[in-house]
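A.B. asks: First the structure, which I've put down as structure tokens, then a few questions once you've had a look.
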Amino acid sequence: MAADEPRGDVVRLRAPSERVSPRARLMWIATDALRGIVVMVFLLFATGPWNWFDLPGWVLWVIGALLLAYAALVPQWRYLVHRWEVTDAAVYTQTGWWARERRIAPMSRVQTVDHREGAISRLFGLSTVRVTTASSAGALTIEGLDRDRALGIVDDLTRMADSIPGDAT
């Protein structure tokens, strides 16, 4: 058998099964649009009344169009990619829009489970669940969950992690 041929006993890493809330797209659009507005206001003041530098008007229009395209397109792509799954054995996430990252944290490594709601996410009834592990790679984050679903996941993860013996190190 050649080295690049798959073996029968090899398990392939599959995408997590759960999607974030469809409202996450709207939240990401609002967040990106707000950032774009802040950038444009800064540029308008910096090139106008403050006179820090001089940009031709067409450059401001191009920057504005790029920021608008970013706010409209990237959240759609993020929604297609962002997934998560919680099993009895592990927490599994997939994130990214340009570069994809899949992370698995065994329940035995879970140290803390946090529930967060930012100002914009609260407007959309969404929350973030953050799972801190004994890993140098940092916490696993599931952003854009329905608030009630996120609270349920926090309860479930806390119960499951507490039932695993050991100190999560």
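A.B. asks: Rounded to the nearest 20 debye, what is the charge dipole size of segment 74-132 about its Cα centre when +1 sits on each Lys and Arg Cβ and -1 on each Asp and Glu Cβ?
C.D. replies: 180
A.B. asks: Round to a whole number: what % of the accessible area of the chain belongs to carbon and sulfur, probe 1.4 Å?
C.D. replies: The value for the chain is 60 percent carbon and sulfur by accessible area.
A.B. asks: Additional query: Per-residue counts of other Cβ atoms within 10 Å, averaged by peptide: what ranking do you get for 56-64, 126-134, 90-98, highest first?
C.D. replies: 126-134, 90-98, 56-64
A.B. asks: Counting only heavy atoms of the protein chains, get the accessible area per residue of the chain (1.4 Å probe) and round it to a whole Å² value.
C.D. replies: 63
A.B. asks: On to the next question. If you place +1 on the Cβ of every Lys and Arg, -1 on the Cβ of every Asp and Glu, and leave all else neutral, what size is the dipole of segment 90-169 about its Cα centre, to the nearest 20 Debye?
C.D. replies: 240
A.B. asks: Okay, next question. For the chain, max minus min Cα coordinate along each principal axis, in Å, sorted largest first?
C.D. replies: 63, 47, 29
A.B. asks: Assign unit charges at the C-beta atoms only (+1 for Lys and Arg, -1 for Asp and Glu), then state the dipole size of the chain relative to its Cα centre in Debye, rounded to the nearest 20.
C.D. replies: 300
The values are calculated or read from the model by the stated rules, or taken from the named source; none is laboratory data. Because the structure is a prediction, the values reported are computed rather than measured. Quick reminder, even Gly has a Cβ in these numbers, built from the backbone with ideal geometry, and neighbours come from all protein chains shown. The protein model used for the area step is the full one, side chains on, heavy atoms only, and it has no ligands, DNA or RNA in it. Shrake-Rupley method; radii C 1.70, N 1.55, O 1.52, S 1.80 Å.
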